[in-house]
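To keep things clear, I will list the structure first and then write my remarks on it.
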Amino acid sequence: MDSIKFAGKMSFQTVAVSFLLILSLPSIPMAGETSTYDIVLSGKTCKPSGTRTITCDYRVGKDLHFTVDGIGGSWTGITFIKSDYDGDFYATYGLGHGCVVVKPGQTNWKNPGCGGPGSAFDYAFVSSKTGKVYRDWEACMKEN
């Protein structure tokens, strides 16, 4: 059997390949969906912690809380107060790029196989030197 024609314009193979390409694309945020980057930004507060340093506090969802202390000084540190892989958010630290990686926890995985909001791969990156939040590790690494 050669190809099946759809409305005389597209073959079955064309439709199948198009469908597979659409499935492989990262998910596009739906109205009302917020990225991990946006959630981290909205939960960030910073205040002076000395004459030339600041401390930034990050409260992300109900299950992640961490601080970057002494930003601008030689003793900058990261404190993980609460982080839950099984909850709504958790964090790790990337040794190679020097950034805190904020990740959605299992309860936030609406579509684990695709990128974008609601996926297991919707990350945000926090610079351990500046406290700034980034969408990707490459931009964050430039700060460190």
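Across the stretch 29-84, the relative contact order, built from alpha-carbon pairs under 8 Å that are at least six residues apart, equals 24 percent. Can you classify the stretch 27-143 as rounded, prolate or oblate using the Cα gyration tensor, where a ≥ b ≥ c are the square roots of its eigenvalues, rounded means a/c under 1.5, and otherwise it's prolate if a/b beats b/c and oblate if not? Verdict is prolate for the stretch 27-143. Under a model in which nothing but the beta-carbon of Lys, Arg (+1) and Asp, Glu (-1) is charged, the stretch 27-143 shows a dipole of about 360 debye around its Cα centre.
Provide the percentage of antiparallel DSSP beta bridges, counting only those with both residues in the stretch 27-143; round to the nearest 5. That works out to approximately 100 percent antiparallel.
Quick note: the coordinates plus some simple rules give every number you see, no bench work behind them. Being a predicted model, the structure only gives us computed values, none of them experimental. As a convention, Cβ positions derive from the backbone with ideal geometry for all residues, glycine included, and neighbour counts pool all protein chains shown.
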